[in-house]
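In what follows, a structure is listed as structure tokens, so that the remarks can point back to it.
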């Protein structure tokens, strides 16, 4: 088991060095799925005495190659990018919670408030935008100087149509 662990970890490090750090980036759901799949293959090979080391290394290499082959296609083929990659969702703008966006992103008020506290927000009016990124990371754009957020920063962000500023369902 120790030999298999060392060998497969060496293969992962070598493939990562050859194919670049983007190998483990979690920039999209696709990237995340490949990273999880690599971890699953690693665990299966290391924990199962009947799993061949070479089969595991081959499977990991195939996952790396699949990811690297998809990267240029996702940048050039719009319908493929839309199929694979989630779009970021706006959940707060100019101090107002956008409840339709919160529902689309499956974010609770408590989740949002926790992220605002982590981002050292002192007043909701300082928040210019909160975006749930395609990776699930929540980005908080704040500004105490009263400047507007550049529209270029929000160009690819989905703003769900619907009433603004209404209270969340069930919270009256």
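The values are calculated or read from the model by the stated rules, or taken from the named source; none is laboratory data. All of these numbers come straight from a predicted model, not from anything done at the bench. All Cβ positions, even for glycine, are placed from backbone atoms using ideal geometry, and neighbour counts span all protein chains on display.
List the number of the failed condition for residue 115; all other conditions in (1) crowded, with 16+ Cβ neighbours inside 10 Å; (2) in contact with a helix residue (DSSP H, G or I) (Cβ under 7 Å, 6 or more places away or on another chain); (3) over 19 Å from residue 9 (Cβ atoms) hold.
(2)
Take the stretch 82-110 and flag every residue that is at pLDDT below 90, in contact with a helix residue (DSSP H, G or I) (Cβ under 8 Å, 6 or more places away or on another chain) and farther than 15 Å from residue 157 by Cβ.
Across the stretch 82-110, the qualifying residue is only 84.
With modelled with pLDDT under 95 and either in contact with a strand residue (DSSP E or B) (Cβ under 8 Å, 6 or more places away or on another chain) or closer than 25 Å to residue 31 by Cβ (or both) as the only criterion, which of 135, 144 stands out?
Numbers: 144 fails: either in contact with a strand residue (DSSP E or B) (Cβ under 8 Å, 6 or more places away or on another chain) or closer than 25 Å to residue 31 by Cβ (or both).
Only one candidate qualifies: 135.
Looking at the structure I just gave you, is residue 29 in contact (Cβ under 8 Å) with a residue 60 or more places away in the chain, closer than 26 Å to residue 135 by Cβ and not assigned by TED's automatic domain parsing to the domain that holds residue 104? Before you say what the answer is, go through the steps one by one.
On the way: in contact (Cβ under 8 Å) with a residue 60 or more places away in the chain: yes; closer than 26 Å to residue 135 by Cβ: yes; not assigned by TED's automatic domain parsing to the domain that holds residue 104: yes.
Criteria met by residue 29.
Only one of these conditions is not met by residue 58: (1) at pLDDT 90 or above; (2) assigned to a loop (DSSP other than H, G, I, E, B). Which number is it?
Failing condition for residue 58: (2).
Condition test on residue 53, is it farther than 30 Å from residue 132 by Cβ, touching a residue at least 40 places away in the same chain (Cβ under 8 Å) and touching a helix residue (DSSP H, G or I) at 6+ places or on another chain (Cβ under 6 Å)?
Details: farther than 30 Å from residue 132 by Cβ: yes; touching a residue at least 40 places away in the same chain (Cβ under 8 Å): yes; touching a helix residue (DSSP H, G or I) at 6+ places or on another chain (Cβ under 6 Å): yes.
Spelling it out, residue 53 is indeed farther than 30 Å from residue 132 by Cβ, touching a residue at least 40 places away in the same chain (Cβ under 8 Å) and touching a helix residue (DSSP H, G or I) at 6+ places or on another chain (Cβ under 6 Å).
Is it fair to say residue 123 is out of contact with any helix residue (DSSP H, G or I) (no Cβ under 6 Å at 6 or more places or on another chain), over 15 Å from residue 136 (Cα atoms), in the same structural domain as residue 135 (by TED's automatic domain parsing) and surrounded by fewer than 13 Cβ atoms within 10 Å (Cβ to Cβ)? Break it down stepwise before answering.
Numbers: out of contact with any helix residue (DSSP H, G or I) (no Cβ under 6 Å at 6 or more places or on another chain): yes; over 15 Å from residue 136 (Cα atoms): yes; in the same structural domain as residue 135 (by TED's automatic domain parsing): yes; surrounded by fewer than 13 Cβ atoms within 10 Å (Cβ to Cβ): yes.
In short, yes.
Go through (1) in contact with a helix residue (DSSP H, G or I) (Cβ under 6 Å, 6 or more places away or on another chain); (2) modelled with pLDDT under 90; (3) in a helix (DSSP H, G or I); (4) surrounded by 16 or more Cβ atoms within 10 Å (Cβ to Cβ) one by one and return the number of the condition residue 26 breaks.
Only one criterion is unmet by residue 26, namely (3).
Got a sec? Which of 18, 83 is surrounded by fewer than 12 Cβ atoms within 10 Å (Cβ to Cβ), in a helix (DSSP H, G or I) and over 22 Å from the mean Cα position of the chain (by Cα)? Explain how you work it out, then say what you get.
Values: 83 fails: over 22 Å from the mean Cα position of the chain (by Cα).
Of 18, 83, the one residue that is surrounded by fewer than 12 Cβ atoms within 10 Å (Cβ to Cβ), in a helix (DSSP H, G or I) and over 22 Å from the mean Cα position of the chain (by Cα) is 18.
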